[in-house]
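J.: Let me begin by handing over the structure; questions about it come next.
The values are calculated or read from the model by the stated rules, or taken from the named source; none is laboratory data. As the structure is a computational prediction, the values presented were derived from the model and not from experiment. As a convention, Cβ positions derive from the backbone with ideal geometry for all residues, glycine included, and neighbour counts pool all protein chains shown. Remember, those area values only see protein heavy atoms, side chains included, never the ligands or the DNA or RNA. Shrake-Rupley method; radii C 1.70, N 1.55, O 1.52, S 1.80 Å.
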Amino acid sequence: MRPVYMISGGITKFAKAHQDKDFRLMVKEAYDYALRDVPRFSKDMIDGAVGSYFSDHFTRQLKAASMVQDYLGLCPKPSKRVEGGGATGGLCFQSAWEAVASGRMNCCLAFGFETMSRVNTWKGNEFIALASDTNFDFPVGGFYSGYYAMMVQRHMHEFGTTVEQMAMVSIKNHANACYNPYAQKAKRLTIKQVRESPMVATPLTMEDICTMSDGAAVCFLASEAVASKVCNHPVKISGVGSGSDAMRMADRPHGKVILLPHEREADYRELKYPGVHSFRGGRMAAKLAYEMAGISNPGKELSFIELHDAYTSSEIQTYEDLGLCKYGEGGHFVESGMPFLPAVDYGLELPDRGLLPVNPSGGLLACGHPVGATGLMQAVFAFWQLQGSVEKHLGNGKLQVKNAKRGLIHSHAGTGTYITVSIMEAV
Amino acid sequence: MENKGTIVYGIDPLVIRDHYEIDYLHSYAEDSPFFIGLTKGKLLGSRCTACGYTYSTPRAHCMECGEPTIWHQLPLTGRIHTFTTCHYGGEAFLKETPFTLILVEFADADTLFLSRLKGMQPDQVHIGLPVVARFAKVPSFKVTDVWFEPADEE
Ligand SMILES: [Zn+2]
C-alpha cells in the first residue's frame, strides 16, 4: 500500500429541503467548490469515482450514482456506488482510499448525497427502519430512535449515565454550529430546553436526535505524486479501520471487551460486552485504524474528532468505543468539558474544556444527516481543520482547533452494524 | 393507483405527487416454524448443535461457530433487559403511539428478543421487570402475534 492524501473537499449547505436542486446538482456544486480550491488540479487528473447514497427509496431512482457520474462529465472513467446505511459516506471515503493506496488510481473522487425531503418525516423514518430485520424487528414498531433509546436506557442502567449529560452533547454541537454556515440547525440551548422539547422515545427528546437533510459532499483523494504537485496543504490519511456487528440488537453477545493498547482486562472485569450499550464494530474500527496510524493512546494523540452523533447518547457511547475514556465514563467525559471548544460560549461550567474537541463542526445533530453525504462531510471538515483553513471556508475561525495535527472521523450505520474510523494528519 | 390527473404542489420548481405501492410474496423461509409456533402459543428460539449457544431470536445457523441450530422452546416468562416508550414512529406505526418496546432476556438463553410491552403505564416500566408472553387469538403471521405483559414477581 502507498500513502494516500486528501487534496480538496466541498460540501453543499445541508438543509431540510433543496427542492430547487436534485442530487446531481447538489453534488456538482460541492464538486465545483472542491475543484476551485485546488487551481493547479484539473478534471482530467481524476482516474475514477466512488459514489455513496443510502436509500433507493428516498428518491426512487435506482443507479442514481450513474446519473451523477455523467452529470459531472466523468464518463467513461471507472465508477461504482457504495452503500452501507449511515456509514455509507465513511465506507465511500475508505473505498476511494483503497483505490489510491492499491495503485489502481492516482486520484479518486469520493462523492455522496442524499435527498430525504421527497417524503414526509415519518415515511422517512419508516424507510430508515427498513434497515432493521424486517422479519423480527421492523414489524414490532420499526423506529431507529426507539432502538437507540433502548441502548441508552441500558447504558444508563450499567454506568449511571444521565439525561443531563446527554443534553450537554446537544448544547455543544448545536452551539458549535452557530459558527458553521453549512449547518442546518444552529442554536443555543440549555439543559432544561433539551429536556423539555417533545419526547420522541424515552429518554430521547427531539433535541437529542439529528434531523433528515438534503445535501452533498465530495473529497478528492490522491497519491503523493499528485498531492505534492497540485496542493499546498495536503492531508495524509494515515489509518483506516472498520468493523461490524449483528443486524439485530437482540443478537449482540455479552462477552469480553476488545481492548485498546492503553487498556487492561482488569479495567472491565464485571462488564458484559458489547450487550446493547456499546458498539463492538466501532471498537474494532478504532483498533484497526489506531494500529495503522501508530496511535497507542487516542485521548492524548488526537487533536479533534468528528464522530457520528445521530443521537446525543451515541456520541457518549462512541467516546468509549474510541477509547477517549474507559467504557462507562462517557457521561463524565462530556461533563469534564474535554469535548467542548475553548472559544465557544456554552453557558456551562466546564473544568477541562477544550482538551479534545469532538464535533467542532456541530456534528450530525446540528449540521444534519443527509446519509450518503454525512461521512464525507466529516472528512471535509477534518481536512479544513488540519489545513488550518477553517476561517477561509466557513468565513470565521471560531471553530478552528489550534495546532490541529491529527484528526479522527467516524461513520456509523444501523445500530452499529457497519462502522468506519479514519485517521487524518497534517503534513 | 388513481387516474384522476396529477396533483401539483408548486410550479417553481415544479413539484408533483408521485404515488407508489407494491405487494410482495414474502417468505419466512427457514424462519417459518417460529411464526407457526406463535399461532400455537409457543416461543421458539434455536440452539447450536455444536457449541450450545442459545438464541432467543432464532436463526438456522450459529453466529458463533457456523454450525446448524435446532429449534428450542423458550419459557413464556422472562425479564426486561431494556425498554423505551415511543411517542413517535415510522409512518406505519404512528397511529399506534405511544407504544413500549422491550428487549426480553430468558433464563438459559444467550441472546434477547424484541417485543412490545402492554398492560403497564410507561413510567412504571423498569429493567429487570418480570414479563410473560401473550399470543394473538387471531394470528397475523407476524412477530407481533406475541407481546409481553407484566408477570407476578416470583
Ligand atoms: Zn455454535
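J.: When you scan segment B:128-144, do you find a residue that is away from the ligand (no atom under 16 Å from the Cβ), under 16 Å from residue A:142 (Cβ atoms) and in contact with a Leu (Cβ under 8 Å, 6 or more places away or on another chain), even just one?
T.: yes
J.: Another one. Quick check on segment A:98-112: of everything there that is open to solvent by 20 Å² or more (accessible area, probe 1.4 Å) and not small (Gly, Ala, Ser), which residue is farthest from residue A:4 (Cα to Cα)?
T.: My answer is A:104.
J.: Would you tally the residues in segment B:107-124 being assigned to a loop (DSSP other than H, G, I, E, B) and within 11 Å of chain A (Cβ to nearest Cβ)?
T.: Selection size over segment B:107-124: 3.
J.: Restricting attention to segment A:211-238, which residues are within 14 Å of chain B (Cβ to nearest Cβ) and touching a strand residue (DSSP E or B) at 6+ places or on another chain (Cβ under 9 Å)?
T.: A:212, A:214
J.: Against the conditions (1) more than 15 Å from the ligand (Cβ to nearest atom); (2) away from chain A (no Cβ under 13 Å); (3) open to solvent by 60 Å² or more (accessible area, probe 1.4 Å); (4) not small (Gly, Ala, Ser), where does residue B:67 fall short? Just the number, please.
T.: The failed condition is (1).
J.: Does residue A:279 count as open to solvent by less than 10 Å² (accessible area, probe 1.4 Å), under 16 Å from residue A:90 (Cβ atoms) and not acidic (Asp, Glu)?
T.: Yes; evaluated as a whole, the condition is true for this residue.
J.: I've got another one for you. Go through B:48, B:62 for me and flag whichever is within 12 Å of another protein chain (Cβ to nearest Cβ), in contact (Cβ under 8 Å) with a residue 12 or more places away in the chain and within 13 Å of the ligand (Cβ to nearest atom).
T.: B:62
J.: Taking the criterion of being open to solvent by 60 Å² or more (accessible area, probe 1.4 Å) and within 16 Å of the ligand (Cβ to nearest atom), would at least one residue in segment B:111-122 satisfy it?
T.: No, there is no match, as no residue in segment B:111-122 is open to solvent by 60 Å² or more (accessible area, probe 1.4 Å) and within 16 Å of the ligand (Cβ to nearest atom).
Here's the yes/no breakdown for (1) under 25 Å from residue A:64 (Cα atoms); (2) open to solvent by less than 10 Å² (accessible area, probe 1.4 Å):
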position	(1), (2)
A:114	yes, yes
A:123	yes, no
A:129	yes, yes
A:138	no, no
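J.: If I go through segment B:125-143 residue by residue, how many of them are under 18 Å from residue B:82 (Cα atoms) and either buried (at least 18 other Cβ atoms within 10 Å of the Cβ) or within 14 Å of another protein chain (Cβ to nearest Cβ) (or both)?
T.: 7
J.: Please determine, by comparing only the residues of segment A:188-235 that are assigned to a strand (DSSP E or B) and open to solvent by 10 Å² or more (accessible area, probe 1.4 Å), which one is nearest to residue A:26 (Cα to Cα).
T.: The residue in question is A:209.
J.: Then there is this: What single numbered condition from (1) free of Cβ contacts under 8 Å to residues at least 60 places away in the same chain; (2) closer than 30 Å to residue A:133 by Cα; (3) buried (at least 19 other Cβ atoms within 10 Å of the Cβ) fails to hold for residue A:58?
T.: (1)
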